[in-house]
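Q: Can you read through this structure? Questions will come right after.
The values are calculated or read from the model by the stated rules, or taken from the named source; none is laboratory data. The structure displayed is predicted, hence computed values, not measured ones. Note that we place each Cβ from the backbone using ideal geometry, even for glycine, and neighbour counts take in every protein chain shown.
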Amino acid sequence: MVVTYIIFNNPISLYDLIDQKKVSGFYVVWPQIRIFVEPIYSFIFYALTLNRNFYKPVIISWILWLVSVVIMYSLLSKQAVTKALYNIFYSLMLFLTLISFVALVPVPGPKLIKPQNYIAVDIHSHTLTSHDNVAPADISLKAHIWQGYDVFFNTEHNHSNGYVKFPNEFKYKVVYPGMQMQTKDKISVLILSSKEFYGADYKNLSLEDIIKKAHNNGMIVIMPHWWKWHIKTFSELKDLGIDGFEIYNCGYRNFSSSQRSELIKFCIDNGLPMFGVTDWHGWGYMADVWTVLEGDLSYNIEEQLAKRPKTKIILYRQEQSGSVFRFVFEPFYTFYYYVKNVELKYFVSFITWTLIIFLIVVSKFFNYIKNYFPLVMALLYSFTAIYFYNIVKNVDSNTIVVKSVIPALIAFCLIWFVLWRLNDTNKSQKYKS
Ligand SMILES: [Zn+2]
C-alpha cells in the first residue's frame, strides 16, 4: 500500500472548468471528522462523485468481485453449501448497506475556501417538496453552508412551494426563490428570482413563453444540463433569450468534453454566464463543484446574476476513465484513484484502519461482533425509518421517501433481523450436534 502511494500519489488541485487552468487563492478543507473515519469517508466521496452513467457497471463489478471472493473463501475453508450461501447473502447485504449509508448519512464533503471578494453560488438545488428528494429545507441549508456556498437558489420541480419551508432569517441572504420548470418543449429551465412568486403561473408554457414571462417579472432563466436532452441549439436558446447555461451538474456529469468546450466557447463569445451546480436532491452531502463570481453579498444575488457576470467554475475533480478495463477491475481502480489523490495524513489514517480491522478479524472478539452486527443494523434501519417517517408525515405522500425510501429501510431492517436469527439458529444447532 505504501509503495502504491509513493508511485502514484499526485493530489488534485482545484481548477477552473472554463479555462482548464489551476486557480490560486482557492482551496478545500475537509471536516475534522474525516481523519477518524477515513475508509468510509473516502468511499463515500468516491461513490458520490461518480458519473451517473458509471453507477451500473461499477455496482455490477463490485458485486461480482465480492461474490467471487466469498465463494473462494468458502471453497478454501471447505464450508457447507448452506453456510456458503449464507456468507454470500451476508456480504451482499453488507455492500448494499454501505451503499445506503453513502446515500443517506449526512457526512459533509470538502468545503471551498476562497478569497474575500468572491461569492460561491449554487443556482440549482431541491428539497423534500420535490418528489425525488429526501432532505428537508433546514438540511439543504446546512449542506450548502458545509460545502462553502454563500448563497443558493431553491429550485423545486414545477412548483415554488419549497421556499416557504426555509427559516425567515436566511431568506434573501443565503437562500433565494427559484424553480425548475418543465416546458412544453420537453425540457426544463431554471427560473431564478429575487422575490417569491407563484410557480403554477409558469405551467404548460413553451420555452419561449416562459422566458418572456420570467423576464417581464424581473427574473432570469438558465438552461440546466442541456446535455440531458440535446434539444435546441445554443444559438436558438440564446435567440429565445436564455440568460446563461449550466456547464457542470453533479447529478448529470456525463457531458462530453468536446461538447462542453463548444458550449463554453459559445457562452464566452455571447457574454452568457456559465454555472456548475449541485442539483442537490439530498442523496449524499458531497459536491465537487463551486460557481464563484466577484460580487457583494450585501446586494441581491439574482440582480447580480442578471448583469451576466463572469464566473469561475471551480472543480475538485480529476477526469475519470470510462473504459471497459476500468470497470472490469473497478475495486482496484477505486484504490488506484484513491491513492493517486489522497493527502498523506488521510492515507496514514487509512492504513491504520486497515491494521485495526485486520487485528479485529483475527481476534477472538470477531465472532462476537459478527453475531451481533446484524442486530445492530436491524435497529439502526428501524431508527432511520422512523426518522424519515417523521420528516415526511406532513408532506405530500407522492414522494420518493414515502414510495421507496421508507419501504426499503423497513426491508433492510427485516433482512438484517432474519440474518441475525439465522445465525443464532446455526449456532444453537452446532452446539446440539
Ligand atoms: Zn434539478
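Q: Only residues that are within 16 Å of the ligand (Cβ to nearest atom) and either in a loop (DSSP other than H, G, I, E, B) or not polar (S, T, N, Q) (or both): list them for region 95-129, please.
A: Once the filter is applied, which keeps residues that are within 16 Å of the ligand (Cβ to nearest atom) and either in a loop (DSSP other than H, G, I, E, B) or not polar (S, T, N, Q) (or both), region 95-129 yields V121, D122, I123, H124, H126, T127, L128, T129.
Q: Could I ask something else about it? Within region 14-30, can one find any residue that is assigned to a helix (DSSP H, G or I) and in contact (Cβ under 8 Å) with a residue 12 or more places away in the chain?
A: no
Q: How do the strands (runs of 3 or more DSSP E) wholly within region 204-321 filter down when requiring 2 or more residues that are within 16 Å of the ligand (Cβ to nearest atom): which remain?
A: 220-222, 245-249, 274-277, 289-294
Q: Name every residue in region 222-258 that is crowded, with 23+ Cβ neighbours inside 10 Å and among the β-branched types (V, I, T), in order of residue number.
A: I222, I247
Q: Identify, by number, the condition in (1) assigned to a loop (DSSP other than H, G, I, E, B); (2) surrounded by 23 or more Cβ atoms within 10 Å (Cβ to Cβ) that N154 doesn't meet.
A: (1)
Q: State which residue pairs qualify: first residue of a type in the set (V, I, T) and inside region 124-149, second residue at pLDDT 90 or above and within 11 Å of the ligand (Cβ to nearest atom) in any location, beta carbons under 6 Å apart, and separation of 6 or more residues or different chains.
A: T129/E156
Q: Suppose we keep only residues that are aromatic (F, W, Y) and surrounded by fewer than 23 Cβ atoms within 10 Å (Cβ to Cβ) within region 259-284. Which one would you say is nearest to the chain's Cα centre (by Cα)?
A: Here the answer is W283.
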